[in-house]
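Here's the structure, in structure tokens; my notes come after.
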Amino acid sequence: MKSTKSGNGNNGGLLHPSVDKVLVIEGTHAASYAVKLARVQVIAAYPITPQTSVVEKLSEIVSAHELDARFIRVESEHSAMACCIGSSISGARAFTATSSQGLALMHELLHWSAGSRLPIVMVNVNRAMAPPWSIYVDHNDSLSQRDTGWLQFYAESNQEVMDTVLQAYKIAERVSLPVMINLDAFVLSHTSEPVAIPKQEVVDHFLPPRKASFRVDPSDPRAFGALIGPEAYMEMRYKLFRAMEESRSVIRDVDSEFGETFGRNYGGLVEEYRTSDAEIVLITSATAVSTARIAVDEMRSLGFPVGLLKLRVFRPFPLDEIRSLAAHVKKIGVLDRNISFGATGMIYQEAKAVLYNSEVRPPLFGFIAGLGGRDITPETIKEIFSHLMNHEEPESETIWVGLRTEATDPTVPQFSRHDKKKEGV
């Protein structure tokens, strides 16, 4: 699906009538202002770099009485999610934020919140998993939570962070599932960009107060998360499965409504860029998309028929959109900023699975780049396109991009090697 007025790096809609003001802010603060506009009622806060600025700004907003919310300081990320679960069961609109090891510590309760069908929204600032310790970006932290039942969005710009938080509450409350919004550490979280802050009354119209279909109520007692036997457990899981399947149409509808209200949208689950006549298309997500746009434009100016598919939503995976793309292109590359050890990049895995039973299956190439915050530059993307143009079939399931020479095994497919002097130690 193509977006008509994109909210990517061009910050479409800055002069739209819905805009109250434009602030030059970091991605973390874009999330904070969105939480304020969504009139969240409970915020569970535990700081972890590089997420800390999200809850710091919210603490200032709540202490200044700009948001009528309960701000709960907890002792761990596990407790933060526990607070969100309790408040959401009571009918409140709940929020938390985390990164990396903190998200991993929440893992048990991510299953609990999705299984309880609670519309919690969480911002995760993507940070590489330790050890070795890193505070820089890759996507293993969030993608390793892919089977917990959470919807997952990946933002390209600070404006998209703001807008996706607002969309997320509407989506979550329609399908009764939690939503995770992911943004790249430092590339977005600590980089300032112009962000259109919408008027509160316009947001209130788009996102009215939550009306929980079930909640803790002494006058209407209910059990939550109670023990269930084999005669009913599978049906409960089927209902969660159906909700995730149905969320695809809800995401498209909410994004379309958002575009009508605020003057920009994001194509639903994916956004196509210069794909209508492309022979080779690269699929990628998050801030690598902005870099890939530049590379696509440069290669198009030289006459190369290349295009880009931005994967905005990872869960639910955009099955129809990937299959539609495959029907009219000759080759597809997938750029993953993650790795599933013993397998491949995770987006590549998903795309390959989607295409297996399709009538048309163009060659699919899987590339790994940018782990631990290593730069993905326009040159990186152009090298990937060059590789795609010069190979009819992938020589391996996983092709590493940008490894330093001394770290590599000559039997592992790779290219664009860097020596110590170029890369730094």
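Quick one: which residue in PRO119, PRO131 is touching a Ser or Thr at 6+ places or on another chain (Cβ under 7 Å), more than 23 Å from ILE347 (Cβ to Cβ) and either in the same structural domain as ALA196 (by TED's automatic domain parsing) or among the aliphatic types (A, V, I, L, M) (or both)?
Details: PRO131 fails: touching a Ser or Thr at 6+ places or on another chain (Cβ under 7 Å).
Result of the check over PRO119, PRO131: PRO119.
Please work out if ILE251 is surrounded by 21 or more Cβ atoms within 10 Å (Cβ to Cβ) and either assigned to a helix (DSSP H, G or I) or assigned by TED's automatic domain parsing to the domain that holds ASN158 (or both). Outline the logic, then answer.
Values: surrounded by 21 or more Cβ atoms within 10 Å (Cβ to Cβ): yes; either assigned to a helix (DSSP H, G or I) or assigned by TED's automatic domain parsing to the domain that holds ASN158 (or both): yes.
Criteria met by ILE251.
Residue check, LEU15 against (1) surrounded by fewer than 19 Cβ atoms within 10 Å (Cβ to Cβ); (2) at pLDDT 95 or above, all met but one. Which one?
Only one criterion in (1) surrounded by fewer than 19 Cβ atoms within 10 Å (Cβ to Cβ); (2) at pLDDT 95 or above is unmet by LEU15, namely (2).
Name the pairs whose Cβ atoms lie under 9 Å apart, with the first residue in the range 333-347 and more than 14 Å from VAL401 (Cβ to Cβ), the second assigned to a strand (DSSP E or B) and of a type in the set (A, V, I, L, M, F, W, C), and 6 or more positions between them or separate chains?
If the second residue must be assigned to a strand (DSSP E or B) and of a type in the set (A, V, I, L, M, F, W, C), the pairs left are MET346/PHE314; ILE347/ILE283; ILE347/LEU311; ILE347/PHE314; ILE347/VAL334; ILE347/LEU335.
Here are some residues: ILE171, ILE181. Which one is under 18 Å from THR98 (Cα atoms) and β-branched (Val, Ile, Thr)?
Working: ILE171 fails: under 18 Å from THR98 (Cα atoms).
Exactly one of ILE171, ILE181 is under 18 Å from THR98 (Cα atoms) and β-branched (Val, Ile, Thr), namely ILE181.
Report whether or not VAL62 is assigned to a helix (DSSP H, G or I) and surrounded by fewer than 22 Cβ atoms within 10 Å (Cβ to Cβ). Step through it out loud before you land on a result.
Values: assigned to a helix (DSSP H, G or I): yes; surrounded by fewer than 22 Cβ atoms within 10 Å (Cβ to Cβ): yes.
When the stated conditions are applied, VAL62 passes them.
Looking at the range 76-83, can you tell me whether even one residue there is of a type in the set (Ser, Thr, Tyr) and in contact (Cβ under 8 Å) with a residue 60 or more places away in the chain?
Of the residues in the range 76-83, the ones of a type in the set (Ser, Thr, Tyr) are 76, 79.
Of the ones still in play, those that are also in contact (Cβ under 8 Å) with a residue 60 or more places away in the chain are none.
No, because not a single residue in the range 76-83 is of a type in the set (Ser, Thr, Tyr) and in contact (Cβ under 8 Å) with a residue 60 or more places away in the chain.
Considering every residue within the range 155-170, establish whether at least one is touching a helix residue (DSSP H, G or I) at 6+ places or on another chain (Cβ under 6 Å), of a type in the set (Lys, Arg) and closer than 23 Å to HIS29 by Cβ. Talk me through it step by step, then tell me what you get.
Initially, the range 155-170 is screened for residues touching a helix residue (DSSP H, G or I) at 6+ places or on another chain (Cβ under 6 Å), giving 155-156, 158, 161-162, 165-167, 170.
Now drop any that are not of a type in the set (Lys, Arg), which leaves 170.
Those still in the list that are closer than 23 Å to HIS29 by Cβ too: 170.
Yes, because at least one residue in the range 155-170 is touching a helix residue (DSSP H, G or I) at 6+ places or on another chain (Cβ under 6 Å), of a type in the set (Lys, Arg) and closer than 23 Å to HIS29 by Cβ.
Look through the range 259-303, keep the residues that are closer than 26 Å to ALA168 by Cβ and touching a Phe, Trp or Tyr at 6+ places or on another chain (Cβ under 7 Å), and return whichever of them is surrounded by the most Cβ atoms within 10 Å (Cβ to Cβ).
Top of the filtered list is SER285.
Anything in the range 72-101 that is closer than 16 Å to TRP150 by Cα and either in a loop (DSSP other than H, G, I, E, B) or at pLDDT below 95 (or both)? List them, or say none.
The one that is closer than 16 Å to TRP150 by Cα and either in a loop (DSSP other than H, G, I, E, B) or at pLDDT below 95 (or both): SER99.
I need a count of the residues in the range 167-213 that are touching a strand residue (DSSP E or B) at 6+ places or on another chain (Cβ under 8 Å) and small (Gly, Ala, Ser).
6
Which residue pairs have Cβ atoms under 7 Å apart, sit 6 or more places apart or on different chains, and have a first residue in the range 186-209 that is under 21 Å from THR287 (Cα atoms) and a second that is among the charged types (D, E, K, R) and crowded, with 21+ Cβ neighbours inside 10 Å?
Short answer, once both residue conditions are applied: SER189/GLU26; HIS190/GLU26; THR191/GLU26; SER192/GLU26.
Output the number of residues of the range 129-149 satisfying the condition of being buried (at least 24 other Cβ atoms within 10 Å of the Cβ) and part of a loop (DSSP other than H, G, I, E, B).
3
Of everything in the range 365-404, what is touching a strand residue (DSSP E or B) at 6+ places or on another chain (Cβ under 7 Å) and surrounded by fewer than 19 Cβ atoms within 10 Å (Cβ to Cβ)? Give them in sequence order.
GLU383, MET389, GLU397, ARG404
Check THR49, THR28, THR98 and return the single one that is in the same structural domain as GLN145 (by TED's automatic domain parsing), buried (at least 17 other Cβ atoms within 10 Å of the Cβ) and farther than 23 Å from GLN200 by Cβ. If you could, list the steps in order and put the result at the bottom.
Numbers: THR49 fails: buried (at least 17 other Cβ atoms within 10 Å of the Cβ); THR28 fails: farther than 23 Å from GLN200 by Cβ.
The unique qualifying residue is THR98.
Quick one: in the range 102-122, of everything that is assigned to a loop (DSSP other than H, G, I, E, B) and free of Cβ contacts under 8 Å to residues at least 60 places away in the same chain, which residue is nearest to MET81 (Cα to Cα)? First the steps, then the outcome.
First, the residues of the range 102-122 that are assigned to a loop (DSSP other than H, G, I, E, B): 106, 116-120.
Still in the list and also free of Cβ contacts under 8 Å to residues at least 60 places away in the same chain: 106, 120.
Details: MET106: 7, ILE120: 9 Å.
My answer is MET106.
Please find, among ALA212, ALA226, ALA278, the residue that is within 30 Å of SER87 (Cα to Cα), in contact with a Gly (Cβ under 8 Å, 6 or more places away or on another chain) and not in a helix (DSSP H, G or I). Give the steps one after another, and end with the answer.
Working: ALA226 fails: in contact with a Gly (Cβ under 8 Å, 6 or more places away or on another chain); ALA278 fails: within 30 Å of SER87 (Cα to Cα).
Just one listed residue meets the conditions, ALA212.
Which of (1) surrounded by fewer than 19 Cβ atoms within 10 Å (Cβ to Cβ); (2) part of a loop (DSSP other than H, G, I, E, B) does THR344 not meet, given it meets every other one?
Single failed check for THR344: (1).
The values are calculated or read from the model by the stated rules, or taken from the named source; none is laboratory data. What you are looking at is a predicted structure, and each value in this text was computed from that prediction instead of being measured. With ideal geometry, Cβ positions are generated from the backbone for all residues, glycine too; neighbour counts draw on all protein chains shown.
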